[in-house]
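The values are calculated or read from the model by the stated rules, or taken from the named source; none is laboratory data. Keep in mind the model is a prediction, meaning the values are calculated, not measured. Virtual Cβ from ideal backbone geometry, glycine too; neighbours counted across all protein chains shown.
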C-alpha cells in the first residue's frame, strides 16, 4: 500500500466534493485545507485510487516546512466527518502563517501510536503572493 493524500475543494459533505490536482492558496489568507487519504494503487493510473480509512483513534500531524526554521508550522489535523468518512481530514492555516509551495508534510499515527507513517502528496500545493509583497526584495 502506498498511502497518499489528495486536496479537496467545494466540500458540501463527505460524498460531495471536488478532488484537486493542485490546491492554490493566497499567502496571507486564512484557509481550511481539506484532504483525503488514499491508497495509491498504481503510479500510471491503471488501477483507481481507493480512499484509506484509518482506525477511529488515528491522529494526524501536518507540518509546513520553511527555509526559515522559525516559520516552520506543525498542526494537528482533524477528521472532517469522523462518523461518516474517516478518510477526509482538515487543517487550518492562519493568515499569519508563512506557507511555501509543496511544503505540506503529513504523518498518520494509528493503533494508539504503534504505527506511524508518512503520507505522500498526490496533489500539488501552490502558494501565490497576496500582492502586498510585490516589488520588494
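Within the stretch 115-137, identify whether any single residue is within 27 Å of residue 1 (Cα to Cα), buried (at least 18 other Cβ atoms within 10 Å of the Cβ), under 15 Å from the mean Cα position of the chain (by Cα) and modelled with pLDDT under 85, and answer yes or no.
Scanning the stretch 115-137, I find at least one residue that is within 27 Å of residue 1 (Cα to Cα), buried (at least 18 other Cβ atoms within 10 Å of the Cβ), under 15 Å from the mean Cα position of the chain (by Cα) and modelled with pLDDT under 85, so the answer is yes.
Among 111, 101, which is in contact with a strand residue (DSSP E or B) (Cβ under 8 Å, 6 or more places away or on another chain), surrounded by fewer than 15 Cβ atoms within 10 Å (Cβ to Cβ) and modelled with pLDDT under 95?
Only one candidate qualifies: 101.
Report yes if some residue within the stretch 31-40 is farther than 17 Å from residue 120 by Cα and part of a loop (DSSP other than H, G, I, E, B); otherwise report no.
No, the conditions are met nowhere in the stretch 31-40.
Hey, among the residues in the stretch 17-50 that are closer than 22 Å to residue 83 by Cβ and modelled with pLDDT under 90, which one's surrounded by the fewest Cβ atoms within 10 Å (Cβ to Cβ)?
50
Mind listing just one residue for me: the one in the stretch 66-82 that is surrounded by 15 or more Cβ atoms within 10 Å (Cβ to Cβ) and assigned to a strand (DSSP E or B) and, of those, nearest to the chain's Cα centre (by Cα)?
The qualifying residue nearest to the chain's Cα centre (by Cα) is 77.
What do you reckon, is residue 85 at pLDDT 85 or above, closer than 14 Å to residue 66 by Cα, surrounded by 11 or more Cβ atoms within 10 Å (Cβ to Cβ) and touching a strand residue (DSSP E or B) at 6+ places or on another chain (Cβ under 9 Å)?
Spelling it out, it is not the case that residue 85 is at pLDDT 85 or above, closer than 14 Å to residue 66 by Cα, surrounded by 11 or more Cβ atoms within 10 Å (Cβ to Cβ) and touching a strand residue (DSSP E or B) at 6+ places or on another chain (Cβ under 9 Å).
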